[in-house]
Each structure stands twice: as C-alpha cells, then as structure tokens.
Amino acid sequence: MMGQSIREMALEMADLIHEIALCCQNKDVNHASRFNVSTSECRTLRVFQKEDNLTMKNLSKKMNLAMSRMTRIVDGLVRKDYVKRGTDQRDRRICLVSLTESGSGLVKEMQENYLAMNINVLESVEPSARTEVIKALKILKSAMKESGIQ
C-alpha cells in the first residue's frame, strides 16, 4: 500500500466498502429470515434496542425512510404483534410506537443472535488485530459522517 495515491486508495476503499455492504446485506437477510420478519422490519426493531417509545416522525427519521414507507413497515409489525401504536397524552395528534411484550422478547432474541454473528466474524480475525478493526471502523464511520455521507 505504500506509495498509493489518494485516488488509488479511494478506489480500493470503494471496492472494499461495496463488498462489506453486500456481506452485511446478506447477513441482514439471513438474520431477518431466521425470525420471520422482513429486513426492513428487522432494522426497525433494532431501533427499539435503545429507545422505548418513538413518534412515527422520529422513527422514520432514524430509519431515513419516508413516512408512508415507515407506516407500512409499522403496520406489518403491528399485525405480527411486535409493536403497538399509541397517542401522546400531551398532543393526541402524535402517534407513538412502542414494543409489545412479544416484540420486546423478539428484540432481545434478535440482539443475541446478531451478537453471536458478530462474535463469529471477530473470531476469524487475529486476536491481536481485533482492536485495530474496531478502531478502523470507528474512524471510517466518523470520516463518512464528517464528509456528509450517512
């Protein structure tokens, strides 16, 4: 890698990110199908790992999806009894989305499965390089955000 121009590095980075994105996409499809949910439903449920109640507006913003698309995803999760809709007591026009009991259990199970998959990936990395991998991913994430790529 010594002597590579920034252009050559950018091309290599683009190829690597593309390959990683495809691997992550396949991992997401396999993960979601294991729990009998779509990948969009799976990603939506992951948001609830860190937050209990979200407005539809905030949820669609976090997911970077149009409100109409978010509504269809939430409709599917309501039908499966993983989330429920409620109203904000201060402003009844606001729709709140939260996990049901079965949704909460599913999210915990999904989280454990996702963790196991990532442990499996890290176990195939030399122990001495694992910290470097995490550090490099953090640097890349930060650089992408800083350059306007989110």
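The values are calculated or read from the model by the stated rules, or taken from the named source; none is laboratory data. Quantities reported herein were computed from a predicted structural model and do not represent experimental measurements. Please note: Cβ atoms are built from the backbone with ideal geometry, for glycine as well, and neighbour counts cover all protein chains shown.
Which residue is modelled with the lowest pLDDT, if the candidates are limited to the stretch 10-57 and must be part of a helix (DSSP H, G or I) and acidic (Asp, Glu)?
Selected residue: ASP28.
Here's the yes/no breakdown for (1) in contact (Cβ under 8 Å) with a residue 60 or more places away in the chain; (2) within 25 Å of THR44 (Cα to Cα):
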residue: ASP88; (1), (2): no, yes
residue: ARG92; (1), (2): no, yes
residue: SER104; (1), (2): no, yes
residue: VAL107; (1), (2): yes, yes
residue: GLU123; (1), (2): no, no
residue: PRO127; (1), (2): no, no
residue: THR131; (1), (2): no, no
residue: ILE134; (1), (2): no, yes
residue: LEU137; (1), (2): no, yes
Residue match in the stretch 64-79 (condition: outside any helix (DSSP H, G or I), more than 18 Å from GLN150 (Cβ to Cβ) and of a type in the set (S, T, N, Q)): no
Pair list, Cβ under 9 Å, 6 or more apart: the stretch 28-45 residue surrounded by fewer than 18 Cβ atoms within 10 Å (Cβ to Cβ), other residue among the basic types (Lys, Arg) and part of a loop (DSSP other than H, G, I, E, B): ASN36/LYS80
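How many residues, within the stretch 56-107, are surrounded by 11 or more Cβ atoms within 10 Å (Cβ to Cβ) and on the phi > 0 side of the Ramachandran plot? Even if it seems obvious, please write down each step before you answer.
Of the residues in the stretch 56-107, the ones surrounded by 11 or more Cβ atoms within 10 Å (Cβ to Cβ) are 56-63, 65, 67, 69-78, 80-88, 94-100, 102-107.
So of that shortlist, the ones also on the phi > 0 side of the Ramachandran plot come out as 81.
Qualifying residue count, the stretch 56-107: 1.
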